[in-house]
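J.: Could you have a look at this structure, given as structure tokens, before my questions?
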Amino acid sequence: MGIFNRGLSKTRKSFFGRIANMLGNTEIDEDTWDDIEALLIQADLGVNTTTRVIQALKARGITKNDELQAALREELLNLLSFPPTLNISGRELSIILVVGVNGSGKTTSIGKLAHRLSLAGRKVMLAAGDTFRAAAIDQLKLWGEKVNVPVIANQPGSDPAALVYDATVAAKARGYEILIVDTAGRLHTNYNLMEELAKIRAVSSKVVPDAPHEVLLVLDGTTGQNALQQAKKFKEMIDVTGVIITKLDGTPKGGMVFSVFDDLNLPVHYIGLGEGINDLVLFNPEIFVKSLFDEN
């Protein structure tokens, strides 16, 4: 639980800790509800999710503030669920497509995910599908070296769909179990680039039936509700299956995690709580909520 406490300290100190300190053994009044609502919105739960939480709390008929803190924890936990196991077993080769806008921490998350899967004994290969930026290709290669995972890459400016096809063929021929595909950091408003993601998806399925088996969207936790608008566009275009939320250690906006579940109905598989190679951690709802209120 230590990494959760450390990584979520800014959100805890800024908002949820203030809620915990605010609630004592006094009667609840309208000012109490207004204060909690304001703090939850500031923590980036979003208006819709905050409204649902407040309504659920009021429906409990609670009269004392000290009862309200426990109820708030329960209602927040009710919004979350444990992520399902990634669909990367039971076949010769599983393909994970990773999408997201520039600067979200996508390539770094791929490297850390490859490290996690390798430590679990899986044979992992990476594909540098962001062919538009030489720096992105180089960054993925560096991560491949760092975590001892091979990277299939091509020259900058080459066709990303062709690269993904070649990487899929190579991974299958060489007996790799998992291929993780990096993609260009697309602005969600750019229709042509989003269509290209669909093309990449179609190309991978030519070699491996039903591929990709997971489409993970990387969201920058520091952007809060703005990240949710991006997520909605990606979900419309490419059938996202799950989410990785990065940089939660650097923001007081950790409440946006609740909106991902509540507004998008998508599971959060991993959260980034630091810059270290092991700081991409499996999402645990119970520890997450506890860490938002308690330092220990």
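Every read-out reported here was derived from the displayed coordinates using simple, explicitly stated rules and does not represent laboratory data. On a predicted model such as this, the values are computed, not experimentally measured, just so you know. Neighbour counts run over all protein chains shown; Cβ positions are idealised from the backbone, glycine included.
J.: I need the GluC sites (Glu not before Pro) found in segment 49-132, filtered to DSSP loop residues with at most 14 other beta carbons within 10 Å of theirs.
T.: Values: sites: E67, E74, E75, E92; in loops: E92.
Answer in residue order: E92.
J.: Using the Cα centre of the chain as origin and beta-carbon charges of +1 (Lys, Arg) and -1 (Asp, Glu), tell me which of I96, Y270, L163 is placed farthest towards the positive end of the dipole.
T.: L163
J.: Let me ask you something else. From zero up to wherever the largest Cα-Cα distance of segment 17-68 sits, split into 10 Å bins and tell me the percent of pairs in each.
T.: Computed distribution, short to long bins: 25, 60, 16.
J.: For segment 53-59, in order, what is each residue's ³J(HN,Hα) by Karplus, 6.51 cos²θ - 1.76 cosθ + 1.60 with θ = phi - 60°, in whole Hz (x at glycine and Pro)?
T.: Values, residue by residue: 5, 4, 4, 5, 5, 5, 5 Hz.
J.: Along each of its three principal axes, how wide is the spread of alpha-carbon positions in segment 76-191, in whole angstrom units, largest first?
T.: 46, 37, 26
J.: If each DSSP helix of 4+ residues adds -39,500 (n - 2.57) and the sum is divided by the residues in the chain, what number results at 222 nm, nearest 500 deg cm²/dmol? Could you put the intermediate results ahead of the total?
T.: Numbers: 12 runs with 143 residues, N = 296.
When only DSSP H runs of four or more count, the value is -15000 deg cm²/dmol.
J.: What ³J(HN,Hα) values, in whole Hz, does the Karplus curve 6.51 cos²θ - 1.76 cosθ + 1.60 give for segment 29-41 when θ = phi - 60°, with x put for Gly and Pro?
T.: Working through the residues one at a time gives 10, 4, 4, 4, 4, 5, 5, 5, 4, 5, 5, 5, 5 Hz.
J.: Given the options T107, P150, V181, identify the residue whose Cα lies farthest towards the positive end of the charge dipole of segment 68-203 (+1 on Cβ of Lys, Arg; -1 on Cβ of Asp, Glu).
T.: Of T107, P150, V181, it is P150.
J.: Give the separation of the Cα centroids, segment 1-22 to segment 76-118, in Å.
T.: Their Cα centres are 25 Å away from one another.
J.: Report the far tail of the P(r) of the chain, meaning the percent of Cα-Cα pairs longer than 25 Å. Mind showing how you got there, number by number?
T.: Values: 21147 of 43660 pairs.
Taking all Cα-Cα pairs of the chain, the fraction more than 25 Å apart is 48 percent.
J.: Using alpha-carbon pairs under 8 Å, 6+ residues apart, how would you state the relative contact order of segment 194-283 in percent?
T.: Relative contact order, segment 194-283: 25 percent.
J.: Under 8 Å for C-alpha pairs, at least 6 residues apart: give me the relative contact order for the chain, rounded to a whole percent.
T.: Relative contact order, the chain: 28 percent.
J.: Related question: Summarise the long-distance tail of P(r) for segment 1-122 by giving the % of C-alpha pairs beyond 22 Å.
T.: Details: 3912 of 7381 pairs.
So the portion of pairs separated by more than 22 Å is 53 percent.
J.: Continuing with this model, one more query. In square nanometres, what is the average projected area of the Cα convex hull of segment 223-277?
T.: Taking the Cα atoms of segment 223-277, their convex hull projects to 3.8 nm² on average.
J.: Just to be sure I understand: of the beta bridges DSSP finds with both ends in the chain, what percent are antiparallel, rounded to 5?
T.: If we restrict to bridges inside the chain, about 15 percent are antiparallel.
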